[in-house]
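> Handing you a structure now.
Read-outs throughout are calculated quantities, based only on the coordinates presented, and are distinct from any laboratory measurement. In this text the structure is predicted, and so the values were computed from the model without any measurement.
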Amino acid sequence: MSAREKIAYLKGLIDGQSLADTLEKEKFYSALTDAMDSLAEALEQHEQVHQELNDYLEQLDEDVCSIEDVLDDECDCGCHDFDDDEDDDEDYENVDDEEYASVTCPHCKKEFYYEPAMYGDDEDLLCPHCGKDFKIPD
């Protein structure tokens, strides 16, 4: 049963039961059902907008998939593999040991990589995990 059908049923109950035996009650029930009608209309409008947005997003998804397919077909370099779900940790496996060094933060105990050539002997490192700085270990 839709919201409008429930409101119509409620109006019928109010009229059929003679619940509005005074002018004040009649005004109250009328105002109440009018407010509910307005809410039902707003809900229907939101449902329509929601459906339009959903249809639009589905079309966008199809368009993006088509573009990905074209890029995958045209480029064999692997740079457009959109379906790869690599973890951030796997990025560290390809780090060249000569350019980067691994360090563990003394505050949060998490490991990260940094480029020693970019830091002087007296400079502090800033942990990307906890945001605290510390001296570079020897």
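> Scaled to the compact-protein estimate 2.2 N^0.38 Å, what is the alpha-carbon radius of gyration of segment 96-138, rounded to two decimal places? Let's see the in-between values first.
Numbers: Rg = 9.9 Å, N = 43, 2.2 N^0.38 = 9.2 Å.
Working it through for segment 96-138, the quotient is 1.08.
> Treating only the Cα positions of segment 5-69 as identical point scatterers, give the base-10 log of I(q)/I(0) from the Debye formula at each q in 0.13, 0.15, 0.21 Å⁻¹.
Here log10 of I(q) over I(0) equals -0.54, -0.61, -0.85.
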